[in-house]
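This report concerns only the one structure given below.
The values are calculated or read from the model by the stated rules, or taken from the named source; none is laboratory data. This one's a predicted model, so the numbers in the text were calculated from it and none came from an experiment. As a convention, Cβ positions derive from the backbone with ideal geometry for all residues, glycine included, and neighbour counts pool all protein chains shown. Side chains are part of the model used for accessible areas, which takes the heavy atoms of the whole protein and leaves out ligands, DNA and RNA. Shrake-Rupley method; radii C 1.70, N 1.55, O 1.52, S 1.80 Å.
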Amino acid sequence: MTFSPVPAPPPLPSVQDIPTRIAFMAAPTDSARHEFDRLAQRYGNIHPGEAEVIVCLGGDGFMLETLRVVLEMGLKTPVYGMNCGSVGFLMNPMIEDHLPERLATTQAAELHPLRMKATRISGECFEALALNDVFLFRQTRQAAKLMVEVDGMVRMPELICDGALLATPAGSTAYNLSAHGPIVPLSGNLLPLTPICPFRPRRWRGALLPSTARVSFTILEHEKRPVAAVADSIEIRDVTSVHIQEDRSLTVTVLFDPGQTLSERITAEQFSA
């Protein structure tokens with residue numbers, strides 16, 4: 001009896017080269033600036049456009065700002081966060097030693113931003129990118145009234161609420177989770193649409209939409225009930241309509257230490273107390 005030869009197993013992914021060109025970016029806090037001075041002196045510091053890796057020093061908020069800068073500059077450079085903030089969901093531990101060697105063993109997550117197009121009462125139009133979420137929120141004591149459309153179809157003629165948000169999978173563990181929205185895996189290709197303190201319909205808890213969905217909000221009674229739209233940290237006030245869609249033409253790469261990938265963190269968050 002003859003046996004066919006056993007095929008060789010596929011090769012394991014090769015470890016990245018140890019980077020020698022690192023760009024450091026620091027939040028405007030004392031702790032971040034202190035770490036910036038120490039790390040730049042030890043490993044050098046170059047312009048982000050010439051770097052192999054960008055190291056972001058700060059918290060989640062500054063990480064989102066850094067990722068937006070990378071997108072707006074058209075860079076393909078991956079970003080590695082080191083936590084100088086509080087929660088640090090998108091960050092890695094602040095460990096100064098052997099940084100280039102650690103960067104060579106990281107695991108990558110590719111993120112696509114939401115693109116928001118907002119129109120104000122004045123007729124001005126604004127665009128902004130968001131890697132966490134886009135949310136609408138009332139500006140006064142009165143609840144907002146929103147009409148919700150998905151792919152050009154009116155799905156909710158009137159939603160009375162404090163606001164509503166559309167999150168990315170990476171952002172589903174942030175404001176979306178606080179508003180009782182679902183956590184979405186990175187591989188799910190889904191976007192959670194979540195109301196913020198809904199009054200009518202009171203029992204509507206939101207929807208899970210395909211990542212290709214085009215979501216539009218029309219602000220009803222906008223002069224009486226003004227609403228602001230926020231894309232991560234960019235706020236546009238007195239809006240009359242907001243259109244949101246995931247922009248698959250844009251990608252940013254975030255690096256994580258082995259065993260601490262973004263997918264693992266999102267999964268673990270669903271089992272946390």
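Results, tabulated for the structure shown:
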{"read-out": "In sequence order, calculated HN-Hα J values of region 215-224 (Karplus, 6.51, -1.76, 1.60; Hz; x Gly/Pro)", "value": "10, 10, 10, 10, 8, 7, 6, 5, 6, 7"}
{"read-out": "Derived scalar couplings ³J(HN,Hα) [region 154-165; Karplus, 6.51 cos²θ - 1.76 cosθ + 1.60; whole Hz; x for Gly, Pro]", "value": "6, 9, 9, x, 8, 10, 9, 6, 6, x, 7, 9"}
{"read-out": "Among L220, F62, I183 the positive-end extreme of the charge dipole of the chain (Cβ point charges)", "value": "L220"}
{"read-out": "Whole-Hz couplings from phi, Karplus 6.51/-1.76/1.60, listed for region 166-172; x for Gly and Pro", "value": "10, 10, 7, x, 5, x, 5"}
{"read-out": "Which of P157, A109, Q41, positive extreme of dipole for the chain (C-beta unit charges)", "value": "P157"}
{"read-out": "Candidate residues D17, D238, D247: accessible-area rank, largest first, probe 1.4 Å", "value": "D17, D238, D247"}
{"read-out": "nm² value of the averaged projected area, convex hull over the Cα atoms of region 44-167", "value": "10.9"}
{"read-out": "Distant-in-sequence amide H partners of T240 (H built 1.01 Å from N, under 5 Å)", "value": "T119, R120, I121"}
{"read-out": "Helical mean residue ellipticity (222 nm; -39500 (n - 2.57) per DSSP H run of 4+; nearest 500) of the chain", "value": "-4500 deg cm²/dmol"}
{"read-out": "Compactness of region 156-197, expressed as Rg and Dmax over alpha-carbon positions, Å", "value": "10.6, 32"}
{"read-out": "DSSP H segments from the chain that extend 15 Å or more along their own axis, Cα-based, with Kyte-Doolittle mean of -0.5 or above", "value": "60-72"}
{"read-out": "Percent carbon-and-sulfur accessible area, the chain, ignoring ligands, DNA and RNA, probe 1.4 Å", "value": "54"}
{"read-out": "Calculated FRET efficiency for the pair S211/A104, C-beta based, R₀ 25 Å, to 0.05", "value": "0.20"}
{"read-out": "Built amide H within the under 5 Å cut-off of I196, gap 5+", "value": "D162, G163, A164, L165"}
{"read-out": "Region 100-198, dipole about Cα centre (Lys/Arg Cβ +1, Asp/Glu Cβ -1), debye to the nearest 20", "value": "260"}
{"read-out": "Relative contact order computed over the chain (Cα-Cα under 8 Å; 6+ residues apart), in percent", "value": "20"}
{"read-out": "Whether region 156-273 is rounded, prolate or oblate, judged on the alpha carbon gyration tensor where a/c under 1.5 counts as rounded", "value": "prolate"}
{"read-out": "Accessible area per residue in Å² at 1.4 Å probe, computed on the chain", "value": "51"}
{"read-out": "Long-range HN-HN contacts of Y80 with modeled amide H, under 5 Å", "value": "I54, V55, C56, L255"}
{"read-out": "Trypsin sites (Lys or Arg not before Pro) restricted to region 53-162 and DSSP loop, no more than 16 other C-beta within 10 Å", "value": "K76, R141"}
